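Written out below as structure tokens is the structure these notes cover.
The values are calculated or read from the model by the stated rules, or taken from the named source; none is laboratory data. The shown structure was predicted, so the numbers you read here are calculated from the model rather than taken from an experiment. Cβ: placed from backbone, ideal geometry, glycine included. Neighbour counts: every protein chain shown. Ligands, DNA and RNA are excluded from the accessible area calculation, which covers all protein heavy atoms including side chains. Shrake-Rupley method; radii C 1.70, N 1.55, O 1.52, S 1.80 Å.
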Amino acid sequence: MKPVKTATVDVPQGDIHDYDSILKYFNDEPVKQSKKDHYHSITFVTTGIIAYDGGQTTMLHLGTLLSKQGYHVYYLSYVPQTVDEMEQNAEFNYEGYEGTCVDMSQLDKHNSDIWLATLWESAYVIKNKPGYKMYFVQDYEPYFYPFGDRYQLAKKTYELGLHMVSLGPWCAKMIKENCKVNSPIDEINFPVNLEQYPYQAHDLSKYPDKKVIDVAVYTKWSSPRRAPINIQMTLNNCQNILAKQGLKLNLHYFGTDKKAQFINGENLGKLTKPEMISLYNRCDFGIAPSMTNFSLVPFEMMSCGLPLIDFKEGTGSYFLPEGAYLKTGFNEKDLAKTFLQAKQNPLELEHMVQKGVDHLQSITWKQTLTDFEAIIEKISAAVA
């Protein structure tokens, strides 16, 4: 399965004419909720389906589980994209997904018991539709933009009255601290799919004698929250420090278009699941900066048994237990020290990797589904 190239982007950065086709939805009308005893249909409203998009992969996985539970699940685009393109990219992102892709032409015709916004723009699109309106919050989206109008428009969506469902605790914390919340905000487990990223033990006993360390580094040039500039500068300076001590750092970047030219290391481009698993199995450490809400990639690295390095300045501490990963400062001196100490202590690394693998057993998709269904049941119970 290959993805379809599309002009659709996950976070538009252009001018007001990006919204010409949906301008009528942008207003200050508060949400009016319509509750029922039972809910049968659930619609995720999304920016089409974009290949390699972690947030949409999570959406598709959750939608598939809800479909298996008997709900009629839909993925409705509010941007121009054909159903064929949506379906092909959905299958690429999450093979065997369930649910029905619906194109933009149905935006005013489609009916649903529950509507789920998936990006701040879609909160405006669904907020006045008949039914129960929810907001699947996977990041604190004002941080997607410089301080300005889009920042304010995104921040305002948390105050419109939609029932918010935060993927993990960090988003909920940021919303409560920065917004005037006047509607429910619940949290669901941030999960990992262990079956797709099988564990393979690394021979950690060889680490002390290594003169070359291979590092898998995930970043996205289009996403400042993945720190594409800082990670290159920090790793470049770290290489220079380690080289003076006879240690070579081989960097294998992925997650960014192949045409991008990194200042160091190799750019592997955007990888398929088998390619990522192969990379994790042949590398010695993994790095995947998350400066706002977490990414699936660190979980996937840990699931494969790859020792993970994460930065104190990021959000890892909200999602990973102490001792399950190598926590360091986002600067070359701390990072170099972390590499040197870690490679000399294989037994500690072994315990760390095992703790990480054990933790992943507690953040399964089964728990996420249970959390989400409990929210729906709570809404139904409020009607009685």
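Applying the selection to the stretch 46-79, what residues are open to solvent by 20 Å² or more (accessible area, probe 1.4 Å), part of a helix (DSSP H, G or I) and either of a type in the set (Val, Ile, Thr) or in contact with a His (Cβ under 6 Å, 6 or more places away or on another chain) (or both)?
Hit for the stretch 46-79 is Thr57, nothing else.
What number of residues within the stretch 139-153 are out of contact with any Lys or Arg (no Cβ under 6 Å at 6 or more places or on another chain) and buried (at least 21 other Cβ atoms within 10 Å of the Cβ)?
So the answer is 3.
Do we have any residue at all in the stretch 115-126 that's hydroxyl-bearing (Ser, Thr, Tyr) and either over 15 Å from the mean Cα position of the chain (by Cα) or open to solvent by less than 20 Å² (accessible area, probe 1.4 Å) (or both)?
Yes, some residue in the stretch 115-126 is hydroxyl-bearing (Ser, Thr, Tyr) and either over 15 Å from the mean Cα position of the chain (by Cα) or open to solvent by less than 20 Å² (accessible area, probe 1.4 Å) (or both).
Out of Ala154, Ala172, report the one residue that is part of a helix (DSSP H, G or I), farther than 29 Å from Gly329 by Cβ, in contact (Cβ under 8 Å) with a residue 24 or more places away in the chain and within 20 Å of the chain's Cα centre (by Cα).
The match here is Ala154.
Any residue that is assigned to a helix (DSSP H, G or I), farther than 16 Å from Tyr280 by Cβ, in contact with a strand residue (DSSP E or B) (Cβ under 8 Å, 6 or more places away or on another chain) and in contact (Cβ under 8 Å) with a residue 60 or more places away in the chain - is there at least one of those in the stretch 295-309?
no
Kindly indicate whether Pro30 is within 24 Å of Lys220 (Cβ to Cβ), open to solvent by 40 Å² or more (accessible area, probe 1.4 Å) and outside any helix (DSSP H, G or I). Reasoning before the result, please.
On the way: within 24 Å of Lys220 (Cβ to Cβ): no; open to solvent by 40 Å² or more (accessible area, probe 1.4 Å): yes; outside any helix (DSSP H, G or I): yes.
No, not satisfied.
If a residue counts only when it is free of Cβ contacts under 8 Å to residues at least 60 places away in the same chain, which strands (runs of 3 or more DSSP E) contained entirely in the stretch 92-137 have at least 1 such residues?
Answer list for the stretch 92-137: 100-102, 132-137.
Among (1) open to solvent by less than 20 Å² (accessible area, probe 1.4 Å); (2) assigned to a helix (DSSP H, G or I); (3) hydrophobic (A, V, I, L, M, F, W, C), there is one condition Leu347 misses while meeting the rest; what is its number?
With respect to (1) open to solvent by less than 20 Å² (accessible area, probe 1.4 Å); (2) assigned to a helix (DSSP H, G or I); (3) hydrophobic (A, V, I, L, M, F, W, C), Leu347 is out only on (1).
Six or more apart or on different chains, Cβ atoms under 9 Å: show the pairs whose first residue is in the stretch 48-61 and free of Cβ contacts under 8 Å to residues at least 40 places away in the same chain and closer than 22 Å to Thr368 by Cα and whose second is in a loop (DSSP other than H, G, I, E, B) and open to solvent by less than 20 Å² (accessible area, probe 1.4 Å).
Leu60/Ile49
Select from the stretch 281-304 the residues that are touching a helix residue (DSSP H, G or I) at 6+ places or on another chain (Cβ under 6 Å) and over 21 Å from Glu95 (Cα atoms) and write down the one among them that is surrounded by the fewest Cβ atoms within 10 Å (Cβ to Cβ).
Met291
Give the residue, chosen from Ala336, Ala374, Ala324, that is assigned to a loop (DSSP other than H, G, I, E, B), more than 17 Å from the chain's Cα centre (by Cα), modelled with pLDDT of 95 or more and farther than 22 Å from Gly255 by Cα.
Values: Ala336 fails: assigned to a loop (DSSP other than H, G, I, E, B); Ala374 fails: assigned to a loop (DSSP other than H, G, I, E, B).
That would be Ala324, the only listed residue that is assigned to a loop (DSSP other than H, G, I, E, B), more than 17 Å from the chain's Cα centre (by Cα), modelled with pLDDT of 95 or more and farther than 22 Å from Gly255 by Cα.
Please verify whether the stretch 7-26 includes one or more residues that are closer than 23 Å to Phe294 by Cβ, surrounded by 14 or more Cβ atoms within 10 Å (Cβ to Cβ), of a type in the set (A, V, I, L, M) and modelled with pLDDT of 95 or more.
Within the stretch 7-26, none of the residues are closer than 23 Å to Phe294 by Cβ, surrounded by 14 or more Cβ atoms within 10 Å (Cβ to Cβ), of a type in the set (A, V, I, L, M) and modelled with pLDDT of 95 or more.
With respect to Met86, determine if the residue is crowded, with 22+ Cβ neighbours inside 10 Å and either free of Cβ contacts under 8 Å to residues at least 24 places away in the same chain or hydrophobic (A, V, I, L, M, F, W, C) (or both).
So Met86 fits the description; yes.
Would you please name the residue that is nearest to Leu242 (Cα to Cα), looking only at residues in the stretch 321-341 that are open to solvent by 10 Å² or more (accessible area, probe 1.4 Å), of a type in the set (A, V, I, L, M, F, W, C) and in contact with a strand residue (DSSP E or B) (Cβ under 7 Å, 6 or more places away or on another chain)?
From the stretch 321-341, those open to solvent by 10 Å² or more (accessible area, probe 1.4 Å) are 321-323, 325-327, 330-334, 337-338, 340-341; that's our starting set.
Going one step further and asking which of them are of a type in the set (A, V, I, L, M, F, W, C), we end up with 326, 330, 340.
Adding the requirement that they be in contact with a strand residue (DSSP E or B) (Cβ under 7 Å, 6 or more places away or on another chain) leaves 326, 330.
Details: Leu326: 18, Phe330: 16 Å.
Only one residue tops the list, namely Phe330.
How about the stretch 185-278: which strands (runs of 3 or more DSSP E) wholly inside it have at least 1 residues that are surrounded by 16 or more Cβ atoms within 10 Å (Cβ to Cβ) and free of Cβ contacts under 8 Å to residues at least 60 places away in the same chain?
Strands (runs of 3 or more DSSP E) meeting the threshold: 185-188, 248-254.
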